[in-house]
Amino acid sequence: MADTLATKTIFALRDRGAAIEEAAALLKSGGICVIPTETVYGLAACAFDTAAVNAIFKAKGRPNDNPLIVHISDTDMLACVAKSTPQAEKLMRAFWPGPLSLVLERMPAVPDEVTAGLHTVAVRMPENDIARDIIAEAGPLAAPSANISGRLSPTTAQHAFEDMCGRVPLIIDGGACKTGVESTVVDARGDVPVILRPGGITPEQIERVCGGVAFTGGAGAGTAPPSPGMKYRHYAPAARVCLLYGNKKEVAKNINTMYYNYSESGGKPVVFCAEDCEPLYAGMHTVSLGSGAEAAQAQLFAAMRSADAKGFSHILFHYDEQMGLAVKNRVEKAAGAAKETV
Ligand code: TXA
Ligand code: MG
């Protein structure tokens, strides 16, 4: 790139004050900056600064019909960004700060560049307190995941550096992301919240709070616009990803066959599975994603990046229900199951 930047990293767990001060000053002066959140690292700009928001799209190579999430640090900030609803109030009380983005009617001050011209805006209050302190200083921040468009979301500052080095002046390192997959995006305008993207908060959790929940593509979908970002191929490692699920024995049989076929033809496959499935793949390269959804989410993106670094040609992914919907959705995208791709 002709306009390559020197990229500085500040380790916020050691120099917290400097990290927050430098990030906020940069953002307030119209710059962009990588910040940690509990889900994935974000590439932030002041939400009301059109030029800075445009710089995010440029740095990521992101299609500009894909809107950004606005991050706030307290509920008072919501009023200048979006119009709340009764269901949104319940969801905010239950899950903020945390991995839940609410799609609401936007306020006119929010630029079209942020919302891709939609009448709605997605808003979230991150749980990560370094992120919240930066927002408290700099004001609401628009921030997509800090990866080059189409690649895996970064769950460490190192991942963000791999993609964003030379494209951003500053990365704030806040350690590994706790949740590891992006926020759940929910349209909270109607009586029943509609999940547009599965994520860190589960449908069951939302249903418990709101008394109902729907999915785009499922019941109640006709009333909600889909999340524009879901049509793009995403979360793609260099290795080819094959997603298999269903009867455990059948899946294991198929994966065994595929593993040997790929190995025979010169490939280097690896099996990703839940901890209790690992014995099904004795003698093969395996990566255990632990037990349950939280463990699988936290490890997924880092494990895929690491498979690329080790030169694996195929990831044979044995999906088990315990891994949860967010993992299934991300692996489907990685496998290229999205109907439209870019
Ligand atoms: O956890 C997260 O959500 C992370 C961290 C950085 O906060 N951010 C993130 O942003 O994943 P991004 O831009 O990679 O994904 C945002 C998703 C996209 O699928 C986008 O289409 C959808 O949210 N979205 C944003 N605004 C929307 C709106 N007004 N209506 C429907 N979907 C929207
Ligand atoms: Mg993203």
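The values are calculated or read from the model by the stated rules, or taken from the named source; none is laboratory data. Keep in mind it's a predicted model, so treat the numbers as computed, not measured. All Cβ positions, glycine included, derive from the backbone under ideal geometry; neighbour counts span all protein chains shown.
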Looking at GLU137, GLU182, GLU207, which one is away from ligand 2 (no atom under 16 Å from the Cβ), on the phi < 0 side of the Ramachandran plot and in contact (Cβ under 8 Å) with a residue 40 or more places away in the chain? GLU137
Candidate set from segment 189-204 (those that are β-branched (Val, Ile, Thr) and more than 19 Å from MET323 (Cα to Cα)); member that is farthest from ligand 2 (Cβ to nearest atom): VAL192
For segment 140-159, give me the residue count where each residue is under 17 Å from GLY174 (Cα atoms), within 13 Å of ligand 2 (Cβ to nearest atom) and hydrophobic (A, V, I, L, M, F, W, C). 2
Take the residues in segment 23-48 that are crowded, with 24+ Cβ neighbours inside 10 Å and within 16 Å of PRO111 (Cβ to Cβ); name whichever of them is nearest to ligand 1 (Cβ to nearest atom). ALA44
Segment 139-172: number of residues that are within 11 Å of the chain's Cα centre (by Cα), of a type in the set (S, T, N, Q) and assigned to a loop (DSSP other than H, G, I, E, B): 3
Cβ contacts < 7 Å: first residue among the aliphatic types (A, V, I, L, M), restricted to segment 292-311; second residue assigned to a helix (DSSP H, G or I) and surrounded by 20 or more Cβ atoms within 10 Å (Cβ to Cβ), any location; separation 6+ or different chain. Result? ALA293/MET323; ALA293/VAL327; ALA296/MET323; ALA296/VAL327; LEU300/VAL327; LEU300/ARG330; MET304/ALA334
Counted residues in segment 80-116 being more than 9 Å from ligand 1 (Cβ to nearest atom) and under 14 Å from PHE48 (Cα atoms) come to 10
Pull up segment 112-134, narrow it to residues that are of a type in the set (A, V, I, L, M, F, W, C) and within 15 Å of PRO63 (Cβ to Cβ), then point me to the one that is farthest from ligand 2 (Cβ to nearest atom). LEU118
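Have a look at ALA188, ALA238, ALA176 and point out the one that is among the small types (Gly, Ala, Ser), on the phi < 0 side of the Ramachandran plot, at pLDDT 95 or above and surrounded by fewer than 22 Cβ atoms within 10 Å (Cβ to Cβ). Even if it seems obvious, please write down each step before you answer.
On the way: ALA188 fails: surrounded by fewer than 22 Cβ atoms within 10 Å (Cβ to Cβ); ALA238 fails: at pLDDT 95 or above.
When all the criteria are applied, what remains is ALA176.
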Would you mind stating whether GLU332 is of a type in the set (Asp, Glu), touching a strand residue (DSSP E or B) at 6+ places or on another chain (Cβ under 9 Å) and touching a residue at least 12 places away in the same chain (Cβ under 8 Å)? yes
Pairs with Cβ under 6 Å, 6+ apart, first in segment 107-123 and under 13 Å from ASP65 (Cα atoms), second small (Gly, Ala, Ser) and more than 10 Å from ligand 1 (Cβ to nearest atom): VAL114/ALA47
Based on what the data block shows, is ILE171 modelled with pLDDT of 95 or more, over 22 Å from THR85 (Cα atoms), away from ligand 1 (no atom under 13 Å from the Cβ) and of a type in the set (Val, Ile, Thr)? yes
